[in-house]
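This report refers to the structure that appears directly beneath it.
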Amino acid sequence: MIRILVAEHVPLVRRGLVASLDGECDLEVVADVGSAEDIVPAALGVRPDAAIIDVDLPGVGGIDIAARLGEKVPDCRVLILSAQPNPGHVRRAFAAGVLGYMSIEIGPEQLAEGIRRMISGRRVLDTDLAVAALEAAENPLTPRELDVLRLAAGGARSKEIAEQLCLSVGTVRNHLSRILYKTGARNRVDAVRIAGDAGWL
């Protein structure tokens, strides 16, 4: 029996996933949660074999919490579900140790088979997503530039970014200039949009 944790913030979708998975003779949902913050505590309590996580969980995103789950419960294989998959998110997910990434539009039998394949140690990815991920451009931003852009995305001004990252205002402005150049953005709002769409943030 494969023991599964389901993390989905929309109650109706979560119940549908639980009912679908419990309908399989070799799958059993041992926990279901509606927020990212509940995933690790629940997993530590029930020690599931697999976790199905919505990429768009409020607060901490699905990919970030998947990485944290991998650290705390390393035997738990993670499959991400997304309503709007994009190649950048796929690359980030696999870099975070996720073994599966699928669209929420898939059928119940495809999800069940994906879980079985993942438990056997194989990666699981929709064909269309796999091709798109291979064709997607590499992230041109450095880790520090990403730090700056994430704070800018939250509305922080150059001075606030400088204080939080222990940098000079001039250095922050230089980072922002390079970000605009590398992304081809018109301004920082546009850079945030471009980086977000590409899955770099």
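What is the ratio of the Cα radius of gyration of the range 1-116 to 2.2 N^0.38 Å, where N is its residue count, to two decimals?
Against the empirical 2.2 N^0.38 Å value, I get 0.93 for the range 1-116.
Computing Rg and the Kirkwood Rh from the Cα coordinates of the chain gives a ratio, Rg/Rh, of 1.03. Stretched out straight at 0.36 nm per residue, the stretch from D75 to R122 would grow longer than its current Cα-Cα span by 15.5 nm. Mind telling me which of D32, D49, D147 comes out most flexible in a GNM of the chain, alpha-carbon contacts under 10 Å? Comparing D32, D49, D147 in the GNM, the peak value goes to D147. Here the range 92-201 has an Rg and Dmax of 18.1, 55 Å, counting Cα atoms alone.
A helix-only calculation puts the chain at -16000 deg cm²/dmol for mean residue ellipticity at 222 nm, using -39500 (n - 2.57) for each DSSP H run of at least four residues, averaged over all residues.
In the range 38-92 the Cα-Cα distances spread across 10 Å bins starting at 0 as 24, 57, 18, 1 percent of all pairs. Give the calculated FRET efficiency between Q84 and S168 to the nearest 0.05, with a Förster radius of 25 Å applied to their Cβ-Cβ distance. According to the calculation, E is roughly 0.05.
Label-to-label distance, D190 versus V13, with points set 7 angstrom from Cα along the beta-carbon direction: 3.1 nm.
Bear in mind that the values in this text are calculations on the coordinates, not laboratory data. Not measured: the values here are computed from a predicted model. Glycine also receives a Cβ, built like all others from the backbone with ideal geometry; neighbour counts cover every protein chain displayed.
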